[in-house]
């Protein structure tokens, strides 16, 4: 008797966005003797092509490898946000990296490998694919944090690596326990087993879900797994911080939504724990940011605080929360990237600037000051910027799912956030007499950085005035539910 | 024949030892070794569960986890060596320039 040989289910189309980025990464790896500028342009072109191929896949619900890889609309949405963030990072790096003597093509290669991993996470229909993507992203991230040859950068890389690998190990153990409880590694299979109450052992399933939550918690900087965040974001070169605090977070949230919105929507035992973690994240992130005197570190804590706001969307029903999450992630990426791109320009070294040195920036560099002010106002959640609608949508989604207490807490902490965002913003418009920064010569804004800042500022204003442009595309509850059932 | 629960118990113990090591050890190399122990605990659990369910997917997952661990070693040791060259120490308590 010969075993039946079935050809593997290989479809090129849903893999195309990932393959294009991977090809770009390989070119950047081989081209280490080429000028960095050329490699960066190749990288941008690869990212844009990949984004374009995602647009052509829109609505097709294509899958490959028996549902292990699926390019449904949520995956494409997260993928496009990743592409936007990565392109802005590259644009900002074109002018910034030569200034800090980090102008080598390895940066672009690592960035493209990281994006490859992120797209794998977003497209994952299977815990193993998700894990591979997460590791590719994390490993590239560790290298990027260490790339700059300063003691601080090395320290930040080491801390990132050690805590990140502990997070991965916990996540893998969680995957093993989930497999033990449900007998399946695919998200659809787990969902089926959980819905049918057809699993071996409830404690095993809950332990697996909680360990996966903890593992992802390390990646998105949920308190109490956030300790590495301020040090890594402060010590890494500013352009790398831009990448780590925006794009990496988008991908990790995509994974979280895939697992907890897609695979465990019925078994809500994890929800109580997640609620406590989100509440802690909101409180710790916002109060710690309040006492920071270094602007780069302030933005690092702001990234922790925003993890809390984004976490609200996870607590909501996936059908509502998913759309709010994609919108908030896009807004968060644009406003954080804009703020860090300005910081990269005005900082005297890679340690960032003290808040006090921002005094009078408007009189030295009006354009930069206005761009930074717009980003900070958006981060604080003021209308008419995108941050306002992002917050509004996630608050609404969490509130409608019955999480009233935590929504009130989030609203209160966002008032605290107003203080620490608007203080530096107000300082920029005060006259700068007697401050050391006043004598520093104005920096020239290069073309590429100008484009990056333009994209960010126009993006947050446009999303703030016309949020429906993006939100309505994702606001179809059916697609978020189908996301995990389509592969049956 | 040994039941699955014994394998899972052993894997849980290995994972706990790794976790304790991560929290108590102070040099980067030993912390990293403890992480490897946690990964192997997960591998043991995956293999045991794969046999219990009669499903080979988890066995292949073990190969992937082993590959990931190897890649992590490559990157991790590179970072540790870089740090050691500048500071002649891999004690994580010496990494205290970034605080607050």
**Asked** For chain A, what relative contact order do you get, as a whole percent, if you take Cα pairs closer than 8 Å and at least 6 residues apart?
**Response** 16 percent
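Once the piece of chain linking residue B:27 and residue B:93 is laid out straight, how much longer is it, given 0.36 nm per residue of separation minus the C-alpha distance between them?
Stretched out fully, the residue B:27 to residue B:93 stretch lengthens by 22.9 nm.
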**Prompt:** Of B:27, A:413, how do they rank once you tally other Cβ atoms within 10 Å and put the fewest first?
**Reply:** B:27, A:413
**Asked** For the residue pair residue B:70 and residue A:32, what label-to-label distance in nm results when each label sits 7 Å from Cα along the Cα-to-beta-carbon direction?
**Response** 2.0 nm
**Asked** For the Cα atoms of chain B, what angle does the longest principal axis make with the long axis of helix B:28-53, in degrees from 0 to 90, nearest 10?
**Response** 10 degrees
**Asked** Against the longest alpha carbon principal axis of chain A, how many degrees, from 0 to 90 and to the nearest 10, is the axis of helix A:295-315 turned?
**Response** 30 degrees
**Message:** Can you compute the helix-only [θ] at 222 nm over chain A? Use -39500 (n - 2.57) per DSSP H run of at least 4 residues, normalise by all residues, nearest 500 deg cm²/dmol.
**Reply:** -24000 deg cm²/dmol
**Prompt:** For labels at residue A:472 and residue A:6 in the simple 7 Å Cα→Cβ model, what's the distance in nm?
**Reply:** 4.2 nm
**Fill in**
Length-normalised contact order of the stretch B:4-89, Cα under 8 Å, at least 6 apart, in percent, tallies to 26 percent
**Complete:** A correct fewest-to-most ranking of A:191, B:87 by other Cβ atoms within 10 Å would be B:87, A:191
**Prompt:** How many partner chain Cβ atoms sit within 10 Å of a residue's Cβ in peptide B:67-80, on average, as a whole number?
**Reply:** 5
**Prompt:** Efficiency by 1/(1 + (r/R0)^6): what FRET value for residue A:429 and residue A:58, r their Cβ-Cβ distance, R0 = 35 Å, to the nearest 0.05?
**Reply:** 0.25
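If each residue's Cβ is checked for other Cβ atoms within 10 Å, how do A:304, B:13 rank with the fewest at the top?
Going from least to most buried by this count: B:13, A:304.
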**Fill in**
The helix B:4-24 Cα axis meets the longest alpha-carbon principal axis of chain B at an angle in degrees, between 0 and 90 and rounded to 10, of 10 degrees
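No value in this document is a laboratory result; all are computed from the given coordinates. Since we're looking at a predicted model, the values are computed, not measured. Note: ideal-geometry Cβ built from the backbone for every residue, glycine included; neighbour counts use all protein chains shown.
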